[in-house]
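Worksheet: the structure to be examined is printed underneath.
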Amino acid sequence: MSELLIGTNPDNPEEATVLPDTAERKAKQLPEPSGYRILCAIPDAEQEYESGLAKADITITNEDLLTTVLFIMKMGIEVARDAANRDQQANQMEQKPTEE
């Protein structure tokens, strides 16, 4: 069995969804963030050290789990609105004359 089954139904264990086979179909399944949610992606971990020595699987897994770098793919409407408000407030603060 080469198919990966996902999303089994607890009421009917025989019913399952098959993971799409192409990258394009997988990309269409990405969720659409709403509100203050942000959809992020983890960058691929390097398979080798700079010296050319191969990394152990557990090392690559740890790098994936412990990374502090994320790529922002999509943002919910409230995130963008909040960022625009902050930018607008920052511009207003810059334009106010300073009192001496």
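Net charge in the neighbourhood of residue 56 (other residues with Cβ under 15 Å of its Cβ; Lys, Arg +1, Asp, Glu -1) is -4. With a simple spin-label model that places each label point 7 Å from the Cα along the Cα-to-Cβ direction, the separation between residue 88 and residue 46 comes to 4.4 nm.
Assign one of three labels to segment 43-100, namely rounded, prolate or oblate, based on the Cα gyration tensor with a ≥ b ≥ c the square roots of its eigenvalues; rounded applies when a/c is under 1.5, prolate when it is not and a/b is larger than b/c, and oblate otherwise. Cα axes put segment 43-100 in the prolate bin. Taking a straight Cα-Cα cut-off under 12 Å and skipping sequence neighbours fewer than 8 places away in the same chain, the aspartates and glutamates within cross-link reach of residue 55 are 46, 63. Which aspartates and glutamates, if any, have their Cα less than 14 Å from the Cα of residue 74, not counting same-chain residues under 8 positions apart? Counting by Cα, and skipping residues close in sequence, residue 74 has these aspartates and glutamates nearby: 32.
Residues whose amide H falls under 5 Å from that of residue 74, counting only those 5 or more places apart or on a different chain, are 39, with hydrogens built in the peptide plane.
Throughout, read-outs are computed from the coordinates displayed, never taken from laboratory work. This is a predicted model, so every value here is computed, not measured. Cβ coordinates were reconstructed from backbone atoms using ideal geometry, including for glycine residues, and neighbour counts include every protein chain displayed.
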